[in-house]
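Here the structure comes first, spelled out in structure tokens, and everything after it is commentary.
The values are calculated or read from the model by the stated rules, or taken from the named source; none is laboratory data. Because the structure is a prediction, the values reported are computed rather than measured. Cβ: placed from backbone, ideal geometry, glycine included. Neighbour counts: every protein chain shown. Note: accessible area is taken over every heavy atom of the protein model, side chains too, but ligands, DNA and RNA are not part of it. Shrake-Rupley method; radii C 1.70, N 1.55, O 1.52, S 1.80 Å.
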Amino acid sequence: MQESMRFSYRWLAWLCLSLMLWTAVAESTHNHPNNTESASCSICVVAHSTTPAASSHQGQPVFATIGLLQEEEVVAKARISVSELGIRGPPAV
Ligand SMILES: [Zn+2]
């Protein structure tokens, strides 16, 4: 059961990838015999439209303090006991 599900997911993934690849190839390589068809083609209209320019209304950057970093010391408390090291004591005579 799991093998067939795994196979179907893999096949579906390859199908989606191939469709995406073919769509990208078709969009980038298509052409039109005349300009009237390219004017009505949504791909060509989007490709040849002007890109919006980034605009900023703020001329000067604004520097303002939003907080103050307060450091706090962190000390790790380490304790190693003899039994945790696996060392046994000297033999008793
Ligand atoms: Zn086109």
Q: Might you check whether a residue that is within 16 Å of the ligand (Cβ to nearest atom) and surrounded by 10 or more Cβ atoms within 10 Å (Cβ to Cβ) occurs anywhere in the range 6-16?
A: no
(Q) Looking only at the range 20-42, how many residues end up being open to solvent by 100 Å² or more (accessible area, probe 1.4 Å) and at pLDDT 90 or above? (A) 3
Q. Which condition number does Met20 fail, the rest of (1) away from the ligand (no atom under 16 Å from the Cβ); (2) among the aliphatic types (A, V, I, L, M); (3) more than 29 Å from the chain's Cα centre (by Cα) being met?
A. (3)
**Q.** Count of residues meeting criterion [modelled with pLDDT of 80 or more, open to solvent by 80 Å² or more (accessible area, probe 1.4 Å) and not in a loop (DSSP other than H, G, I, E, B)] in the range 43-90
**A.** 2
